[in-house]
Amino acid sequence: MTGFRRNKLALTGALILLALLAFCFLGPLLHPTDQIHTDLTQANRAPGAGHPLGTTDLGYDLLGRLMYGGRTSLEVGLAAGLLATLVGTVYGAVAGYFGGWLDAVMMRVTDAALAIPALFLLVVVATLVTPSKPVLILVIASVAWLSPARLLRGEALALRSRDYVHAMRLMGGGGTRAVFRHILPNALGTVVVNATFQIADAILYVAYLSFLGLSLPPPAADWGSLLSAGITYTQVGHWWLIFPPGIAIVLVVAAFNFLGDGLRDAFDVRLDTGRGSHR
């Protein structure tokens, strides 16, 4: 992992991600707040004593709300990104390895789905179901798996012609063994790197849906819903309702992208070294 350690942006992304995880999951222990009951007498207070980041329009402490909402954004984003990567990886590997008519059919399905804007699909699906964490995870993953599917299909097309795959076939190995014992393990670097980008995109999808009013019902919250609620008060100068959730979204997405870039560099170095050792 030398390439990763030398990548300052990747290390920065890892540190930011660890800090945000600690902020969301350990922060409430240091700054306990009531995120269930509203208190309109404390609504829209500017940052000050007792409320370091002020309060929301419903009287929630905004610092505590950021921690509480961050859990939802991170949990849904991580789960949806990983699920999308898993489904897309297996789908693309199967299509690429077997090829022929099966590949043609599977890829035409993927192309047709990719032709429809992802945000449009998300909005349509989200309006048909009652939002909850499991539902949001499935809705986002149902759109996000398309990109890793195309990526892994290309990897499988390249890997299926390798000598070790041909040797496995000569020894009587079947397609399932080829995909899960040879294609996927040798595409692991691509899968891991893509997973970081999928998680970043999934967190943005959560924010998009929440901004459009398709978030979890109260008292649940996420960074997108906080940002959406804060936009209402831009004209009256309540900046503390907008900047903290907006900065949190930017930081977590940037952190995962930096992390993905570092992992890509690390795997590229390992692959180059491996190629050199066989020359």
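The values are calculated or read from the model by the stated rules, or taken from the named source; none is laboratory data. Quantities reported herein were computed from a predicted structural model and do not represent experimental measurements. Heads up, the Cβs are rebuilt from the backbone with ideal geometry, glycines too, and the neighbour counts pull from every protein chain shown. In case anyone asks, the SASA skips ligands and DNA or RNA and just uses the protein heavy atoms, side chains included. Shrake-Rupley method; radii C 1.70, N 1.55, O 1.52, S 1.80 Å.
Shape of region 1-160 from its Cα gyration tensor (a ≥ b ≥ c, root eigenvalues): rounded if a/c is under 1.5, otherwise prolate when a/b > b/c, or oblate? In terms of gyration-tensor shape, oblate.
Note on region 189-257 and region 89-164: Cα centroid distance 24 Å, given to the nearest whole angstrom. A probe of 1.4 angstrom, applied to the heavy atoms of all protein chains, finds ARG108 with accessible area near 130 square angstrom.
For region 143-234, carbon and sulfur atoms together expose 59% of the accessible surface, with a 1.4 angstrom probe and every protein chain in place. For the chain, the solvent-accessible area of protein heavy atoms averages 51 Å² per residue (probe radius 1.4 Å; ligands and nucleic acids excluded). Each label point is 7 Å from the Cα along the Cα-to-Cβ direction; what then is the distance between the points at VAL250 and LEU15, in nm? About 1.9 nm, to one decimal.
Helix 118-128 and the longest principal axis of the C-alpha atoms of the chain enclose an angle of approximately 60°. Charge tally around GLN198: other residues with Cβ under 14 Å, Lys/Arg +1 each, Asp/Glu -1 each, net +1.
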